[in-house]
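Step one of this worksheet: look at the structure below.
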Amino acid sequence: MEYLVIFMLAALYVNIPGVWCQGVTTSTNCPGTSQSPGRITSPNYPSNYLNGQSCYWLLTANAGAVHLSFEHFYTEQCCDKVRVYDGGSSSSSQIDEYSGTSIPSNLTSSSNQMYITFTSDGSVVYTGFVIKYTRSVVRLQSGSDSSYGRLEVFHNNQWGTVCDDLWSMTNSHVVCRQLGF
Ligand SMILES: [Ca+2]
């Protein structure tokens, strides 16, 4: 009986592979924009951001990758831009640049860091954006776009590919949901 109880307690603390976990730290030069865990916003959100903003956010996962999903997006199309970089600074490779009203698709970094910037010009302001972030232990690599690629899993401190023996559509659906599709 004692063994059973110990086993059950141990099971509660086992890290189930493939679930989303917290474990991402943020640093920013724009105070108040990462006030709740797992979420960053444009300055003043839900009110309009200000003119002349130049913000950055550095997201660092303790292991694995950083996954972003955009919940809200409204900036001036021509002139107020969010840029996302696949790494720890603006000299890392730029994944894309976003402005306007379309919600960008989900993104996963290839290392454990993601760098985001927001700049606004001297006129016309809107509500800006809300981005949710999580640590991810799965990622797609070498695909032609963000929804296609070779599946990799973070395990024992390194990324590895997944053996496709016995791989099923159900497995694919689970991974797709984990990646936010
Ligand atoms: Ca503007």
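The numbers here are math on the coordinates, done by the rules we state, and not lab data. As the structure is a prediction and not an experimental result, all values here were calculated from the model. Using ideal geometry, Cβ is built from the backbone for each residue, glycine included, and neighbour counts are taken over all protein chains shown.
Run the quick spin-label model on Cys163 and Ser36: label points 7 Å from Cα toward the beta carbon, then report their separation in nm to one decimal.
Label at Cys163, label at Ser36, 4.3 nm between them.
Compute the Rg to Rh ratio over the chain from the alpha carbon atoms, using the Kirkwood formula for Rh, and round to two decimal places. Show your work: numbers first, answer last.
Numbers: Rg = 18.7 Å, Rh = 17.8 Å.
Rg/Rh: 1.05.
Can you run phi through the Karplus equation (6.51, -1.76, 1.60; θ = phi - 60°) for region 84-98 and list ³J(HN,Hα) in whole Hz, with x for Gly and Pro?
For region 84-98, the Karplus-derived couplings read 10, 10, 8, x, x, 7, 6, 8, 6, 5, 7, 6, 5, 10, 10 Hz, x marking Gly and Pro.
So how tilted is helix 2-13 from the main axis of the chain? Cα-based, degrees 0 to 90, rounded to 10.
Taking Cα atoms only, the helix is inclined about 20 degrees.
Hey, in the GNM for the chain with a 10 angstrom Cα cutoff, which one of Ser102, Ser168, Ser110 fluctuates hardest?
Highest fluctuation among the options: Ser168.
Based on Cβ point charges of +1 for Lys and Arg and -1 for Asp and Glu, what charge dipole magnitude is obtained for the chain about its Cα centre, in debye rounded to the nearest 20? Walk me through the intermediate numbers first.
Details: 8 positive and 12 negative charges, 47 e Å.
Here the chain has a charge dipole of around 220 debye.
So how do His72, His67, His173 line up by other beta-carbon neighbours within 10 Å, fewest first?
His173, His72, His67
Just Gly122, Gly88, Gly38 to compare: in a GNM of the chain, with alpha carbon springs under 10 Å, which one fluctuates most?
Looking only at Gly122, Gly88, Gly38, the largest GNM fluctuation is found for Gly122.
Given an 8 Å cut-off on Cα distances and at least 6 residues of separation, report the relative contact order of region 19-84 as a percent.
Numbers: 50 pairs, mean separation 22.2, N = 66.
Reported relative contact order: 34 percent.
With charges only on Cβ, +1 for K and R and -1 for D and E, what is the dipole size of region 106-181 about its Cα centre, in debye, rounded to 20? Mind dumping the intermediate values first?
Working: 5 positive and 5 negative charges, 43 e Å.
So the magnitude is around 200 debye.
Can you pull the one-decimal nm distance between simple spin-label points at Ser172 and Lys132, each 7 Å off the Cα toward Cβ?
Output for this residue pair reads 2.5 nm.
Have a look at Tyr85, Ser168, Val137 and report the one farthest towards the positive end of the charge dipole of the chain, computed about the Cα centre with Cβ charges (Lys/Arg +1, Asp/Glu -1).
Farthest towards the positive end: Val137.
For Val124 and Asn48 in one chain, what is 0.36 nm times their gap in residues minus the Cα-Cα distance, to one decimal in nm? Could you put the intermediate results ahead of the total?
Numbers: separation 76, 0.36 × 76 = 27.36 nm, distance 0.96 nm.
Once the chain is fully extended between Val124 and Asn48, it gains 26.4 nm.
Give me Leu68, Leu58 ranked fewest to most by other Cβ atoms within 10 Å of their Cβ, as a rough exposure proxy. Before the final figure, lay out each step's value.
On the way: Leu68 22, Leu58 18.
The fewest-first ordering by Cβ neighbours comes to Leu58, Leu68.
Give me the net charge for the shell around Val130: Cβ to Cβ below 14 angstrom, other residues only, Lys and Arg +1, Asp and Glu -1. Could you put the intermediate results ahead of the total?
Details: positive: Arg39, Lys132; negative: Glu71.
With Lys, Arg at +1 and Asp, Glu at -1, the net is +1.
Got a sec? How would Phe118, Phe154 order by Cβ neighbour count within 10 Å, fewest to most? Don't skip to the answer; put the middle values down first.
Values: Phe118 27, Phe154 20.
Ranked by crowding around the Cβ, least crowded first: Phe154, Phe118.
Connecting C-alpha atoms closer than 10 Å in a GNM of the chain, tell me which of Trp57, Trp159, Trp167 has the biggest fluctuation.
Of Trp57, Trp159, Trp167, the most mobile in the Gaussian network model is Trp167.
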